[in-house]
């Protein structure tokens, strides 16, 4: 089976802005014997070539097309004629098209028609939570969604968002949760005199990941008596810009801004931390949730999107209202006051996430590919 995978992210494990998830998915497909052609679609820029082919970390080629128009000027538009022309020049042959996010539905529709094959559109987070109401105003986009052979969602929450935003259409839908590589994300809980609390959401767009809610919560903890030393590790895109915006007044609290970390470093940080914070305003199911639970962390997260589908409140962690610094501070304080609960929740979290191994995720998409191609999973 030959799959055309359409992406907007740069697959890879090291480097700023690289998507380890895309890289792991490509590796998983290749290990299963699937041939993968990768096309990454980027926005236009004067310094970028319209089309180039680059070599990825695994020696595989990826075709990069810089054809998207700036959204702040043109809104949601897709230059169909330009994409069709560049794809014809590439001359790729494939059995199925997989749009790696909802923004690429039109591209998947065009690519499928070029080879008379079917396509799947996968929704992963902000493409449904934030941008879908804007995208469906575009008739071409709505038509592309309706023409898909399958729509997949990373959580039931994203599926529900889609159903509320889009008029009913007769397209099969499936919820396929990403899961985690349990061999890579080993369980490791070691209590010490310093409790390490991690936030890695960054500041991608305002308070979307709850960064400013977290800063306010830490400020509230400045006035709380703590028995143990607490170290907050704050990372993700753009966080280093804010390292001077808050000062710890509590002698028991230290802050470390670590910026954006490569995926290998993320796993290492999680293996040596105790609590992970995911105070997002909206989510599908973030990869960080799976990885945090797998590596032995108690998770405090917003009760939004697909998070409560995996994180059981008062069993493997705590769910708090989004954008509520008081609730977040109370949850953190509770955790710090109960070491036994911290380890107990971490153990429960690992047991839960063992039901979401990454191999199951890959196999689910192989079955979808086979069903829309009319072939067996051994093809």
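Computed values, structure above
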| item | result |
| --- | --- |
| GNM top mover of 177, 48, 196 - the chain, alpha-carbon springs below 10 Å | 48 |
| Exposure proxy order (Cβ contacts within 10 Å, fewest to most) of 103, 57 | 57, 103 |
| Angle between the chain longest axis and helix 339-353 axis [Cα atoms, degrees, rounded to 10] | 20 |
| 0 to 90° range, to nearest 10: angle between helix 156-165 axis and the chain longest Cα axis | 60 |
| Sorted by Cβ neighbour density within 10 Å, fewest at the top, the residues 310, 134 | 134, 310 |
| Exposure proxy order (Cβ contacts within 10 Å, fewest to most) of 216, 228 | 228, 216 |
| Label-to-label distance, nm, for residues given as residue 340 and residue 55 (7 Å Cα→Cβ offset) | 5.8 |
| Cα centroid separation - the stretch 166-202 against the stretch 303-379, whole Å | 5 |
| Of all DSSP beta bridges in the chain, antiparallel share, percent nearest 5 | 10 |
| Three-way shape call for the stretch 194-353 based on the alpha-carbon gyration tensor, with the a/c threshold at 1.5 | rounded |
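None of the figures in this text is laboratory data; all of them are computed from the coordinates on show. Bear in mind the structure is a predicted one, so any value in this text is a computation, not a measurement. Cβ: placed from backbone, ideal geometry, glycine included. Neighbour counts: every protein chain shown.
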